[in-house]
Structures are given as structure tokens and as C-alpha cells.
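Heads up, the thing below is written out as C-alpha cells.
The values are calculated or read from the model by the stated rules, or taken from the named source; none is laboratory data. All of these numbers come straight from a predicted model, not from anything done at the bench. Cβ atoms come from the backbone with ideal geometry, glycine included; neighbour counts cover every protein chain shown.
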């Protein structure tokens, strides 16, 4: 602190200048320590939120694709086969193409896209950090979306049955369930 001497008629006195405002090194280290603790607590929360968002996005994308394919099967009048390629988080559609006069469904399946393109590459629906698990209680792939709106497995094409796809990201899971009558539902355990 600087001191100034002021002299007047009544004598001289010392006037001290006020301290310059600032932070001490200790105050700075305390604030920095608090910030590190808060950041350390926030990182797992942020990471879990991102995992949950990736998983939710994958489940939403997959359920939308299944619903769109079901509507396509109903409008075209031919069954669609929905196959999930678990190793690459993609799905592949195949249908019996309509041909002839009068129009009829072919007897063999051809890979198609939702936009009607023939032999497109498989469609991705999730990031590589999402995994697909098999459910022992419910078959998952491939399955058929029939022109009647029902869902069946390829092994029993005439019997409507539920289909489940379990998506996981770490310990977090979401299940996409398609009922035998075609209702698509996403659930978390």
C-alpha cells in the first residue's frame, strides 16, 4: 500500500491509498479446485445423456422404418421382409415385386429401398456405439410385414407373432417391439 503525506494548517497527516482490487493465488486455486470437482461430477452425467440420446435415436429410427415398411406393404399389396444386419447396425428390405397384367406379387424376394429403388445398399439406423442383442423371449429377424398389416416371422409366414429388437448402449437398453397386428412400441426396462 502506498502512503501519501498531506500537510495543511493543522499539521501533516498520512493518508493511505486504497488497496488495488484483485484475487490472491489462494482464492484462484480454490475456485479452480471447485470447478474441477463440478466438472468431474458432470462428465458421467453428460456421457450417460449422450448414450441415452444415441440409443433413443436408434430406436426411433428403427421403429419409424418398420412402420413405414408396414404401410408400404399394405399400400403395395405384397409382403416385405425386414432383415436387421446386427454387425453393421443396418437393415435391408426385400419384397416380392409387383409385375404382370393383372398386377401380382412375384414369387421371389428382391432387395428394395423404402423409396422403391431396387437393390440399394442396406440402410443404417444407428451409430456404431449401439449394439443389437437377441431376445430369447421374442424372435427378431428377419420378419415379414404382410399386406394385411400383420407381422410374422419368415419361418412361420402365415402366423402373426410379435417381434423384438433389443438395442443396447453400455448398460442402457431399449426394446423395439412389433406386435402381431403391426403395432410398434419402444420401451425401456
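The listed residues are 40, 100, 11, 77, and the only one of them that is out of contact with any helix residue (DSSP H, G or I) (no Cβ under 9 Å at 6 or more places or on another chain), at pLDDT 90 or above and at positive phi turns out to be 77.
So, residue 146, is that one modelled with pLDDT of 90 or more and out of contact with any helix residue (DSSP H, G or I) (no Cβ under 9 Å at 6 or more places or on another chain) or not? Spelling it out, it is not the case that residue 146 is modelled with pLDDT of 90 or more and out of contact with any helix residue (DSSP H, G or I) (no Cβ under 9 Å at 6 or more places or on another chain).
Filtered by the rule that a residue be over 18 Å from the mean Cα position of the chain (by Cα), surrounded by fewer than 18 Cβ atoms within 10 Å (Cβ to Cβ) and in contact (Cβ under 8 Å) with a residue 60 or more places away in the chain, region 156-189 gives a lone residue, 157. For region 110-119, a residue qualifies if it is modelled with pLDDT under 90, more than 23 Å from the chain's Cα centre (by Cα) and either part of a loop (DSSP other than H, G, I, E, B) or under 16 Å from residue 84 (Cβ atoms) (or both), and the qualifying residues are 116, 117, 119. Filtered by the rule that a residue be under 18 Å from residue 144 (Cα atoms) and surrounded by fewer than 16 Cβ atoms within 10 Å (Cβ to Cβ), region 39-73 gives 64, 67, 68, 71. Residue-level check: of (1) out of contact with any helix residue (DSSP H, G or I) (no Cβ under 9 Å at 6 or more places or on another chain); (2) at pLDDT below 90; (3) assigned to a strand (DSSP E or B), residue 173 misses just (1).
What do you reckon, is residue 151 crowded, with 19+ Cβ neighbours inside 10 Å and at pLDDT 90 or above? Talk me through it step by step, then tell me what you get.
Numbers: crowded, with 19+ Cβ neighbours inside 10 Å: yes; at pLDDT 90 or above: yes.
Answer is yes for this residue.
Taking region 72-92 as the range and being free of Cβ contacts under 8 Å to residues at least 40 places away in the same chain, more than 16 Å from the chain's Cα centre (by Cα) and part of a loop (DSSP other than H, G, I, E, B) as the test, only 87 passes. The residues of region 89-110 that are under 22 Å from residue 184 (Cβ atoms) and surrounded by fewer than 18 Cβ atoms within 10 Å (Cβ to Cβ) amount to a single one, 90.
When region 93-105 is limited to residues that are free of Cβ contacts under 8 Å to residues at least 24 places away in the same chain and in contact with a strand residue (DSSP E or B) (Cβ under 9 Å, 6 or more places away or on another chain), the one that is nearest to residue 142 (Cα to Cα) turns out to be 94.
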